[in-house]
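Written below as structure tokens is the structure these notes are about.
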Amino acid sequence: RFVSRGIRIPSKKSTAGDSLHRLFSSQSNVGGSSYTVVDHTYDAVVVGTGGAGLSAAIGLSDHGFNIACVKKFFPTRSHTVAAQGGINAALGNMTEDDWRWHLFDTVKGSDWLDDQDAIRYMCREAPKAVIELENYGLPFARSKDGKIYQRAFGGQSLNFGKGGQAYRCSCAADRTGHALLHTLYGQAMKHNAHFFVEYFALDLLMSSDGSCQGVIIALNMEDGTLHRFRAASTILAAGGYGRAYFSATSTHTCTGDGNAMVSRAGLPLEFHPTGIYGVGCLITEGSRGESSLLRNSEGERFMERYAPTAKDLVSRDVVSRSMTIEIREGPGVGPLKDHIHLHLNHLPPEVLKVILPGISETAAIFAGVDVTKEPISVLPTVHYNMGGIPTNHHGEVVTAKGDDPDAVTPGLSCWGSCMVDEIRRPGQSQKPHEKDAGERTIAWLEKLKNSNGSLPTSNMWLDMQRIMQSNAAVFHTQETLEEGCQLIDKAWESFYDVKLKDRSLIWNSDLIETIELENNLINACIIMHSAEARKEWRSPFA
């Protein structure tokens, strides 16, 4: 019930005209407003240009396909740039390693819940992917013998958990995401990829037979024009929905746009232990790999009680639960006893300068902390999203159809490599749009733009985030989830009463933030109701 856009439903107050069948002339009029609509045809459309989207664009361009990349901001501002720790791959540069040991750790870390075929593929191919990135020019940190430096990370072991700590995380100091994103963007610029920057993708174009024909409508925020993309394949790499929560390491643009588009198309759909208290900025797990320590208000290294062997380097879901339990049971830090201390001040300053320069800078700027002298106040913070759009391990989007629970949705993917076989050949002719494609989206946009309710978008954002943080965070009970379902339902219903002051389409931040709010409300409702419906604990929750 949260999938359809509530404000899109026709009502007596709707300003959209009865007949929309001529919307897609060069100038279209809806409710008295004029819209310029531009059509494009490509072999494939990639929504999002972070690490995943750029990788897909590079791979497809390598095969000669004509690619459009649609992004609501400049590619190098994608949230991939904020990743700190590194990339897990069994290269064996620091100690002996094996991808099967990586497989074991990943399956165990998922509490045996994840798709083991997909994990096998990922772990087996990870070393090749890291070497490929090195060949692209990614400036990995180096060991003394010149190999890619690999640090310890939580939940890693040797010899199927029997051989001690693994050093498997390939990194570029503590700014791996920054190095990765800029390297991939440089590679993408060398290929035949066309970038549509500051275009906000609004909906998927689904045909009557259930296949996907491209991004249905994207709004050019610079000039207010609308753009339809026609393509044999669409790749979704639009990022997560972390901003559904009050405290998140995600950038403010992580609003679940891709998930929301898939939900509206009728298809089915983690916490990080250490974010800076009161700010949410990420403190990489790699800091614990480099010997940082978590302590409570009594100075106790409490992880020794929860994980006597791995201690602070146990998997992040265990650390998050342990920190939450410590805070709830009393020995939290601060006047409100609502956070934990992360210590780096026992490490030599010259070491911190080399291996964790970004963390040192972030702590100084956002927490006012000199990590060489004092601890950082941290607490479990929403990091990235587990789950989302269901795919097979080839990246093709699947849905239940008849007796087949894994029926492939033609033309829709969350991974670029499977598209190479699907598109067949560069420049092949595309199916024409169905004549009413996009009518509902434009009618909805016109109505939303002219919304004149009583609730400002900013108030509704804050309400949603507080509900999610209080009722669907690391620790929750049946009672808190039932309460959360009622509260998030009310938040969704209140979207009917949203108020926009800016009626334009050009650089209308009020409109864009309201669209993002709606997308994240869809994600929030799905998260809350799914958590309430599942009567068991799953790995990230206490």
The residue that is farthest from GLY161 (Cα to Cα), considering only those in the range 308-323 that are within 23 Å of the chain's Cα centre (by Cα) and hydroxyl-bearing (Ser, Thr, Tyr), is SER320
Inset, instruction - Could you please let me know if LEU219 is over 26 Å from VAL398 (Cβ atoms), in contact with a Leu (Cβ under 9 Å, 6 or more places away or on another chain), surrounded by 16 or more Cβ atoms within 10 Å (Cβ to Cβ) and not assigned by TED's automatic domain parsing to the domain that holds THR409? - result: no
Conditions (1) outside the structural domain of ASP97 (by TED's automatic domain parsing); (2) surrounded by 20 or more Cβ atoms within 10 Å (Cβ to Cβ) -> GLY154 fails only (1)
Exactly one of ASP203, ASP257 is of a type in the set (Asp, Glu), within 17 Å of the chain's Cα centre (by Cα) and surrounded by 20 or more Cβ atoms within 10 Å (Cβ to Cβ), and that residue is ASP257
When the range 135-151 is checked residue by residue, the ones that are surrounded by fewer than 14 Cβ atoms within 10 Å (Cβ to Cβ) and out of contact with any helix residue (DSSP H, G or I) (no Cβ under 6 Å at 6 or more places or on another chain) are ASN135, ARG142, SER143, LYS144, ASP145, GLY146
Does at least one position in the range 214-229 carry a residue that is of a type in the set (A, V, I, L, M, F, W, C) and closer than 30 Å to LYS353 by Cβ?
-> no
Answer yes if at least one residue in the range 481-495 is crowded, with 21+ Cβ neighbours inside 10 Å and either of a type in the set (Lys, Arg) or outside any helix (DSSP H, G or I) (or both), and no otherwise. no
Going through the range 87-101 in order, the residues found to be assigned to a loop (DSSP other than H, G, I, E, B) and among the β-branched types (Val, Ile, Thr) are THR95
Of the residues in the range 413-464, those that are aliphatic (A, V, I, L, M), modelled with pLDDT under 80 and over 16 Å from ILE217 (Cβ atoms) come to MET419, VAL420, ILE423
Residue under question is GLY280, and the condition is that it be within 18 Å of the chain's Cα centre (by Cα), at pLDDT 75 or above and not hydrophobic (A, V, I, L, M, F, W, C); does it hold? no
Sole miss for ALA524 among (1) at pLDDT 95 or above; (2) touching a helix residue (DSSP H, G or I) at 6+ places or on another chain (Cβ under 7 Å) is condition (1)
Pairing a residue in the range 303-321 that is over 17 Å from ASP105 (Cβ atoms) with any residue that is in a helix (DSSP H, G or I), where Cβ atoms lie under 7 Å and the two sit 6 or more apart in sequence or on different chains, gives MET303/LYS311; MET303/ASP312; MET303/VAL319; MET303/SER322; GLU304/LYS311; TYR306/VAL318; TYR306/SER322
Taking the range 362-398 and the residues there that are part of a strand (DSSP E or B) and over 21 Å from the mean Cα position of the chain (by Cα), the one that is nearest to ARG316 (Cα to Cα) would be VAL378
Restricted to the range 222-239 and to residues being buried (at least 24 other Cβ atoms within 10 Å of the Cβ) and small (Gly, Ala, Ser), the residue nearest to THR36 (Cα to Cα) is ALA231
Checked the range 104-163 for anything of a type in the set (S, T, N, Q), out of contact with any Cys (no Cβ under 9 Å at 6 or more places or on another chain) and outside any loop (DSSP other than H, G, I, E, B); matches are GLN116, ASN135, SER157
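Check the range 351-361 and report whether any residue there is surrounded by 15 or more Cβ atoms within 10 Å (Cβ to Cβ), in a loop (DSSP other than H, G, I, E, B) and at pLDDT below 90. Explain how you work it out, then say what you get.
Our first condition is that a residue be surrounded by 15 or more Cβ atoms within 10 Å (Cβ to Cβ); within the range 351-361, this holds for 352, 355-356, 358-360.
Imposing the further condition that a residue be in a loop (DSSP other than H, G, I, E, B) reduces the set to 356.
Next, from what is left, pick out any that are at pLDDT below 90: 356.
Yes, there is a match, as at least one residue in the range 351-361 is surrounded by 15 or more Cβ atoms within 10 Å (Cβ to Cβ), in a loop (DSSP other than H, G, I, E, B) and at pLDDT below 90.
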Across (1) within 24 Å of THR253 (Cβ to Cβ); (2) surrounded by fewer than 16 Cβ atoms within 10 Å (Cβ to Cβ); (3) at pLDDT below 95, GLY164 clears everything bar (1)
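The values are calculated or read from the model by the stated rules, or taken from the named source; none is laboratory data. Nothing here was measured: the structure is a model prediction, and the numbers come from that model. Neighbour counts are summed over all protein chains in view; Cβ atoms, including those assigned to glycine, are modelled from backbone coordinates with ideal geometry.
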